[in-house]
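Participant: Just dropping this structure here.
The values are calculated or read from the model by the stated rules, or taken from the named source; none is laboratory data. Keep in mind that this is a model prediction, so the values were computed, not measured. Neighbour counts are summed over all protein chains in view; Cβ atoms, including those assigned to glycine, are modelled from backbone coordinates with ideal geometry.
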Amino acid sequence: MTTQLETITLGGGCFWCVEAIYQNVQGVERAISGYAGGSEETADYKMVCSGTTKHAEVVQIQFDPSVISTADLLEMFWTAHDPTQLNRQGNDVGPQYRSVIFYHSETQKEAAEHSIKEVATQIWDAPIVTELSPLKVFYPAEDAHNNYYNKVGDRNPYCTFVVTPKVSKFRKKFYDKLKKE
């Protein structure tokens, strides 16, 4: 018996952070960094970092819904970044760092709308500014950006001061949802 995987695409700032968080979640088969939601017909890191393409840094998450639900993935999303900041996460500023959910089905759209209203607002006091849009196209990031945190870790100062604290906090909060080694 094979399980049908689902895919959802999330942006919550730098894709290195988002990818690092979801890679170790039970039921997540793949977390792929990339770009989505822009006006250009192609995307690469240099273009997206310019802020002119309107693409966001995102992570496409392929998951087994019999192991982890969309609702659980979204709860993790709300706690892993600040969805009240428009076009930024901390010192990362620009539309490429916006909070965004790109849904792949009407069921996901409904789950996201519910999660924004019922979950995110319980975690955050300020208004939620997360964009909710259907995924039109996803451009995988360059190989150097995929699995970045696992490859580079704290050898990159950004990872030391931004990614590692987020991953540590996430792992403590969602310990029971992590893959067992």
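Participant: Quick check: is even one residue across the stretch 38-61 surrounded by fewer than 23 Cβ atoms within 10 Å (Cβ to Cβ), in a helix (DSSP H, G or I) and basic (Lys, Arg)?
Facilitator: Yes: the stretch 38-61 contains one or more residues that are surrounded by fewer than 23 Cβ atoms within 10 Å (Cβ to Cβ), in a helix (DSSP H, G or I) and basic (Lys, Arg).
Participant: Moving to a separate point now. Mind checking which residues of the stretch 14-32 are farther than 17 Å from Ser168 by Cα and either at pLDDT below 95 or among the aromatic types (Phe, Trp, Tyr) (or both)?
Facilitator: At the first step, the residues of the stretch 14-32 found to be farther than 17 Å from Ser168 by Cα are 27-32.
Result: no residue meets the conditions.
Participant: Could you say whether any residue in the stretch 23-31 is in a strand (DSSP E or B), within 15 Å of Arg98 (Cα to Cα) and touching a strand residue (DSSP E or B) at 6+ places or on another chain (Cβ under 9 Å)? Quick ask: steps written out before the conclusion?
Facilitator: Filtering the stretch 23-31 down to residues in a strand (DSSP E or B) leaves 25, 28-31.
After this cut, where a residue has to be within 15 Å of Arg98 (Cα to Cα) as well, the list is none.
No; the residues of the stretch 23-31 include none that is in a strand (DSSP E or B), within 15 Å of Arg98 (Cα to Cα) and touching a strand residue (DSSP E or B) at 6+ places or on another chain (Cβ under 9 Å).
Participant: Something else: Report, by residue number, each residue of the stretch 107-139 that is charged (D, E, K, R) and in contact with a strand residue (DSSP E or B) (Cβ under 6 Å, 6 or more places away or on another chain). Explain how you work it out, then say what you get.
Facilitator: Quick first cut of the stretch 107-139, residues charged (D, E, K, R) only: 109-110, 113, 117-118, 125, 131, 136.
Selection gives Lys109, Glu131.
Participant: Output yes when any residue across the stretch 111-123 is among the β-branched types (Val, Ile, Thr), without any contact (Cβ under 8 Å) to a residue 60 or more places away in the chain and under 12 Å from Gly11 (Cα atoms), and no when none is. Before the answer, list the steps.
Facilitator: Looking only at the stretch 111-123, we keep the residues that are among the β-branched types (Val, Ile, Thr), and these are 116, 119, 121, 123.
Subset that is without any contact (Cβ under 8 Å) to a residue 60 or more places away in the chain: 116, 119, 121, 123.
Still in the list and also under 12 Å from Gly11 (Cα atoms): none.
No, there is no match, as no residue in the stretch 111-123 is among the β-branched types (Val, Ile, Thr), without any contact (Cβ under 8 Å) to a residue 60 or more places away in the chain and under 12 Å from Gly11 (Cα atoms).
Participant: Grab the helices (runs of 4 or more DSSP H) fully contained in the stretch 85-181, keeping just those with 2 or more residues being at pLDDT below 95. Spell out the reasoning first.
Facilitator: Values: elements: 106-115, 148-152, 164-173.
Correct list: 148-152, 164-173.
Participant: Here's a check for you: in the stretch 27-85, which residue that is among the aromatic types (Phe, Trp, Tyr) and within 16 Å of the chain's Cα centre (by Cα) is farthest from His145 (Cα to Cα)?
Facilitator: Trp78
Participant: Suppose the filter is part of a strand (DSSP E or B), over 13 Å from Gly13 (Cα atoms) and in contact (Cβ under 8 Å) with a residue 24 or more places away in the chain; does Glu75 pass it? Working first, answer last.
Facilitator: Values: part of a strand (DSSP E or B): no; over 13 Å from Gly13 (Cα atoms): yes; in contact (Cβ under 8 Å) with a residue 24 or more places away in the chain: yes.
Here the answer is no, as Glu75 does not meet what is asked.
Participant: Give me the pairs: first residue in the stretch 129-147 and farther than 16 Å from Pro95 by Cα, second residue at pLDDT 95 or above and part of a loop (DSSP other than H, G, I, E, B), beta-carbon distance under 6 Å, and six or more apart or on different chains, which are they?
Facilitator: Leu135/His104
Let's see how each residue does on (1) in contact with a helix residue (DSSP H, G or I) (Cβ under 6 Å, 6 or more places away or on another chain); (2) farther than 29 Å from Glu41 by Cα:
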site: Glu118; (1), (2): no, yes
site: Trp124; (1), (2): no, yes
site: Tyr149; (1), (2): yes, no
site: Lys166; (1), (2): yes, yes
site: Arg171; (1), (2): no, yes
